[in-house]
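Below is one structure, written out as structure tokens; the observations come after it.
Only the coordinates and a few stated rules stand behind these numbers; no lab work does. This structure is a prediction, so every number in the text was calculated from the model and none was measured. So basically every Cβ, Gly included, is an ideal-geometry build from the backbone, and we count neighbours across all protein chains shown.
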Amino acid sequence: MLLSSRSTASVRASGRAAPAPRRVVRVLAHGHGHGGGHGHGHGSSGTAVLTEKDKGFIAEMRKVAMKLHTKDQAPKEGEKEAPKQGPWTPTRPGYLRFLVESKEVFDTFERLVNSSDAYKALRNTGLERGPGLAADIAWMEQSFQLAPPDMKPDGAAATYVAFLEKLAKTDPPAFICHYYNFYFAHTAGGRMIGNKVSSMLLDGQTLEFYKWQGDVNEHLEGVRKSINVMAEGWTPAEKEHCLAETESSFKYSGQILRAITEA
């Protein structure tokens, strides 16, 4: 994903953040209707060493996910045609909404994983995002004098949360597909978006959302290994079902991302 940016927002001499002008960037590869240029990526791959992403069922999950990228997003693996869309214009209120909605989803994943032994291998992986997001939301509200967004019961986060709660109870392979895509996308394309928004709207502030305790690549490797072990107990039909859920996971995460451009 390639984005062009302008200078960061100015700050009044009083110390209060000036209202941020709407910054315009041209998104060259949105991907899968994800308004805002959502790039999954699924973790760092800049090494010749055979890692867990190249092994077992997780390699099949990654392969399917990468095919849903455009050539701009993934030149070697992307197969989707990039939709024609205009300028992508993030805003501070929109980004705050994105953080709040993201927290709802991450909190839900973490609550569901902690409440069922079926997913105990995914507890305390180091990828958890809820606490960091809570700090970032409070920082944005205070720093830019922003009111908490009005969360609608039929909004993107609420809809996704309800869907995940159902999957966790009735369809573990599909739930794991959503878990994998949501968490791994954040460590790759999600960080690229975060860096751009930070330089454009947040005066260069790096949010806790984009920081991990320890080595994030080691955390990713551990989760890949855990999912491979879980998948060993699935039937061929369950594995195919998990892979088929990939596009649905892209759709829901894309709806969360669209909040970034709201006024």
inquiry  = If each residue of separation counts as 0.36 nm, what is the full-extension length gain between Thr170 and Lys152 once their alpha-carbon separation is subtracted?
reply    = 3.9 nm
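Note the full-extension length gain between Gln142 and Gln205 as 0.36 nm times their separation in residues minus their Cα-Cα distance, in nm to one decimal.
Numbers: separation 63, 0.36 × 63 = 22.68 nm, distance 1.37 nm.
Contour length minus Cα-Cα distance gives 21.3 nm.
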ask   = What does the charge add up to near Glu240, with Lys and Arg as +1, Asp and Glu as -1, over the other residues with Cβ less than 14 Å from its Cβ?
value = -3
query = For Lys84, which aspartates and glutamates qualify as cross-link partners when the Cα separation must be under 19 Å and same-chain residues fewer than eight apart are set aside?
reply = Asp72
key: Across Lys63/Lys103; Lys63/Lys196; Lys63/Lys166; Lys166/Lys251; Lys169/Lys211; Lys120/Lys169, pairs whose alpha-carbon gap is larger than 19 Å   = Lys63/Lys103; Lys63/Lys196; Lys63/Lys166; Lys169/Lys211
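Take Trp234, Trp88 and order them by how many other Cβ atoms sit within 10 Å, fewest up front. Present the calculation step by step, with values, prior to reporting the outcome.
Values: Trp234 16, Trp88 20.
In order of increasing Cβ crowding within 10 Å: Trp234, Trp88.
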ask   = When the Cα centres of segment 216-256 and segment 126-162 are compared, how far apart do they sit, in Å?
value = 25
remark   = Which residues qualify? For Trp88, with a placed amide H closer than 5 Å and at least 5 residues away or on another chain, they are Val25, Arg26, Val27
